[in-house]
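A.B. asks: Quick one: structure below, then a few questions.
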Amino acid sequence: MAVLLSTKAATMQAWKAALLAVDPSLDIRLHPDAGDPAEIEAAVCWTQHDMAELRRYPKLRLLVSMGAGVDHLLRPPGPPPGVPVARLKDARLTQGMTEWVLLNVLRFHRQDLEYRAQQAARLWEELPAPDTAKRRVGILGLGELGGAAADALRALGFPVMGWTRRPRRREGVECFHGAEGLSAMLARTDILVCLLPLTPETRGVINARSLALLPRGAFVINAARGGHVVAEDLLAALDSGHIAAAALDVFEPEPLPADHPFWGHPRVLVWPHAASITIPESAAPQVVENIHRAREGRPLINLVDFAAGY
Ligand code: NDP
Ligand code: OXD
């Protein structure tokens with residue numbers, strides 16, 4: 001069973017080595033040198049791979065995303081019909097995201113932007129102490145990443161709310177779902193964290209209407225996908241002062257164009273889609289497990305639900 005590997009040139013060899021470390025017998029082909037297309041039965045791909053290209057492989061029976069997100073694989077034309085798609089659920093990816101969310105929640109909560117501005121002005125002045133128990137954090141998406149971030153924030157003493165597609169329960173987290181649930185949560189959210197998958201339903205969820213529902217002075221943190229945010233609406237809300245600041249790791253398009261207003265905005269923290277980065281050695285065991293399962297016709301793990309879009 002030959003496996004097609006397709007990712008950025010910089011990480012191709014690391015992925016190959018990580019997969020072979022788990023199973024040295026794997027026949028790994030690095031895109032675009034796939035060899036005989038009839039031999040490829042699994043593909044492990046990242047965002048740059050063209051799904052139309054996968055139609056060249058008549059025996060393909062597994063497609064794996066090199067990340068937690070699968071929007072890059074599902075957008076038209078999507079994977080070849082009948083080919084199951086798996087995503088990553090990886091402890092190190094989750095840890096990285098939890099750290100990034102904590103970093104930015106704490107930066108905003110502890111007035112770091114204000115203190116940096118004071119430092120630039122050589123101003124020695126104490127600001128009123130913030131109250132953790134009163135800083136309400138609302139998380140869009142309580143899955144692998146949103147759930148872990150919720151637990152970590154709760155452990156620090158923040159009141160945490162979460163919004164999901166289906167009704168959910170999570171200890172210590174006030175849970176909301178559906179359109180009404182979103183409005184109710186936003187109205188009480190001081191720091192909004194987006195950790196949703198990008199689907200037709202979630203595209204543009206952070207827009208003029210939803211931003212207006214947040215209390216004045218709220219913060220926005222987006223580590224999910226650029227398509228979740230209507231950039232012009234966020235800029236308008238920042239410029240009016242309704243939104244105090246934003247931390248953004250993801251954009252549409254990426255890289256963020258050099259002339260985009262986010263780059264130079266004094267109240268926007270820009271990250272280059274690096275909130276959490278997949279570590280091939282950490283992710284490889286589950287990818288190889290799925291390759292073995294596909295080969296043996298056993299049920300696959302971490303499968304994407306096509307109907308839900310994630
Ligand atoms: P999961 O699939 O584990 O969780 C998704 C969550 O979003 C679930 O709680 C789900 O609800 C909720 N959700 C989905 N659709 C809707 C909807 N229409 N309305 C309300 N809630 C919805 O995903 P992960 O936590 O693993 O990852 C989330 C995203 O984070 C990825 O898709 C990716 O885009 C992004 N990501 C970004 C990274 C970065 O470095 N910037 C790194 C890794 C991931 P329910 O519980 O009901 O299913
Ligand atoms: C992912 C990502 O989806 O890195 O894992 O964005």
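A.B. asks: For segment 142-175, which positions are more than 10 Å from ligand 1 (Cβ to nearest atom) and in contact with a Phe, Trp or Tyr (Cβ under 8 Å, 6 or more places away or on another chain)?
C.D. replies: Matches in segment 142-175: M161 only.
A.B. asks: Turning to a different aspect of this structure: Here's a check for you: in segment 216-231, which residue that is open to solvent by 30 Å² or more (accessible area, probe 1.4 Å) and in contact with a helix residue (DSSP H, G or I) (Cβ under 9 Å, 6 or more places away or on another chain) is farthest from ligand 1 (Cβ to nearest atom)?
C.D. replies: The extreme case among them is V230.
Yes/no matrix, rows are residues, columns are (1) open to solvent by less than 60 Å² (accessible area, probe 1.4 Å); (2) among the aliphatic types (A, V, I, L, M):
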| site | (1), (2) |
| --- | --- |
| A245 | yes, yes |
| A258 | no, yes |
| G264 | no, no |
| R267 | no, no |
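A.B. asks: Among the residues of segment 96-108, is any surrounded by fewer than 18 Cβ atoms within 10 Å (Cβ to Cβ), more than 16 Å from ligand 1 (Cβ to nearest atom) and either within 16 Å of the chain's Cα centre (by Cα) or not acidic (D, E) (or both)?
C.D. replies: Within segment 96-108, one or more residues are surrounded by fewer than 18 Cβ atoms within 10 Å (Cβ to Cβ), more than 16 Å from ligand 1 (Cβ to nearest atom) and either within 16 Å of the chain's Cα centre (by Cα) or not acidic (D, E) (or both).
A.B. asks: Quick one: is A2 within 20 Å of Q286 (Cβ to Cβ), among the hydrophobic types (A, V, I, L, M, F, W, C) and away from ligand 2 (no atom under 16 Å from the Cβ)?
C.D. replies: Judged against the criteria, A2 is a match.
A.B. asks: Tell me, please, whether a residue that is assigned by TED's automatic domain parsing to the domain that holds I139 and within 16 Å of ligand 2 (Cβ to nearest atom) can be found in segment 176-194.
C.D. replies: Within segment 176-194, one or more residues are assigned by TED's automatic domain parsing to the domain that holds I139 and within 16 Å of ligand 2 (Cβ to nearest atom).
A.B. asks: Pick from R56, R87, R75: which is closer than 27 Å to F306 by Cα, within 16 Å of ligand 1 (Cβ to nearest atom) and surrounded by fewer than 18 Cβ atoms within 10 Å (Cβ to Cβ)?
C.D. replies: The match here is R75.
A.B. asks: Another question about this same structure. Suppose the filter is without any contact (Cβ under 8 Å) to a residue 12 or more places away in the chain and over 19 Å from G69 (Cα atoms); does D233 pass it?
C.D. replies: Spelling it out, it is not the case that D233 is without any contact (Cβ under 8 Å) to a residue 12 or more places away in the chain and over 19 Å from G69 (Cα atoms).
A.B. asks: Right, here's the next one. Could you grab me the full set of residues in segment 171-185 that are in contact with a Gly (Cβ under 8 Å, 6 or more places away or on another chain) and either in a loop (DSSP other than H, G, I, E, B) or under 23 Å from L103 (Cβ atoms) (or both)?
C.D. replies: V173, M185
A.B. asks: Show the residue pairs meeting these rules: Cβ distance below 7 Å; 6+ apart or different chains; first residue within segment 170-181 and surrounded by 11 or more Cβ atoms within 10 Å (Cβ to Cβ); second residue of a type in the set (D, E, K, R).
C.D. replies: Hits for this filter: G172/R154; V173/R154; C175/R168; C175/R169; H177/R165; H177/R166; H177/R168.
A.B. asks: Out of everything in segment 287-310 that is within 21 Å of L93 (Cα to Cα) and open to solvent by 30 Å² or more (accessible area, probe 1.4 Å), what residue ends up being nearest to ligand 1 (Cβ to nearest atom)?
C.D. replies: So in segment 287-310, the residues within 21 Å of L93 (Cα to Cα) come out as 287-291, 300-305, 309-310.
Next cut, open to solvent by 30 Å² or more (accessible area, probe 1.4 Å) only: 289, 300-303, 305, 310.
Working: E289: 18, L300: 16, I301: 13, N302: 9, L303: 11, D305: 9, Y310: 5 Å.
Among residues in segment 287-310 that are within 21 Å of L93 (Cα to Cα) and open to solvent by 30 Å² or more (accessible area, probe 1.4 Å), the one nearest to ligand 1 (Cβ to nearest atom) is Y310.
A.B. asks: Now, a different point. List the number of the failed condition for M66; all other conditions in (1) at pLDDT 95 or above; (2) open to solvent by 50 Å² or more (accessible area, probe 1.4 Å) hold.
C.D. replies: Going through the list (1) at pLDDT 95 or above; (2) open to solvent by 50 Å² or more (accessible area, probe 1.4 Å), M66 breaks only (2).
A.B. asks: Considering only segment 48-55, I want to know if a residue exists there that is at pLDDT below 95 and either within 25 Å of the chain's Cα centre (by Cα) or of a type in the set (D, E, K, R) (or both).
C.D. replies: Within segment 48-55, one or more residues are at pLDDT below 95 and either within 25 Å of the chain's Cα centre (by Cα) or of a type in the set (D, E, K, R) (or both).
A.B. asks: While we're looking at this one, here's another question. Being open to solvent by 20 Å² or more (accessible area, probe 1.4 Å), on the phi < 0 side of the Ramachandran plot and at pLDDT 95 or above narrows it down to one residue among L198, L192, L234, L211; which is it?
C.D. replies: Working: L192 fails: open to solvent by 20 Å² or more (accessible area, probe 1.4 Å); L234 fails: open to solvent by 20 Å² or more (accessible area, probe 1.4 Å); L211 fails: open to solvent by 20 Å² or more (accessible area, probe 1.4 Å).
When all the criteria are applied, what remains is L198.
A.B. asks: Does L30 count as crowded, with 20+ Cβ neighbours inside 10 Å and free of Cβ contacts under 8 Å to residues at least 40 places away in the same chain?
C.D. replies: No; evaluated as a whole, the condition is false for this residue.
A.B. asks: Follow-up question, since we're still on this one. Can you confirm whether segment 31-41 contains a residue that is in a loop (DSSP other than H, G, I, E, B), under 17 Å from E281 (Cα atoms) and aliphatic (A, V, I, L, M)?
C.D. replies: No; the residues of segment 31-41 include none that is in a loop (DSSP other than H, G, I, E, B), under 17 Å from E281 (Cα atoms) and aliphatic (A, V, I, L, M).
The values are calculated or read from the model by the stated rules, or taken from the named source; none is laboratory data. Owing to the predicted nature of the structure, the values given are computational and were not obtained by experimental measurement. Cβ coordinates were reconstructed from backbone atoms using ideal geometry, including for glycine residues, and neighbour counts include every protein chain displayed. These accessible areas exclude ligands, DNA and RNA; they are computed on the full protein's heavy atoms, side chains included. Shrake-Rupley method; radii C 1.70, N 1.55, O 1.52, S 1.80 Å.
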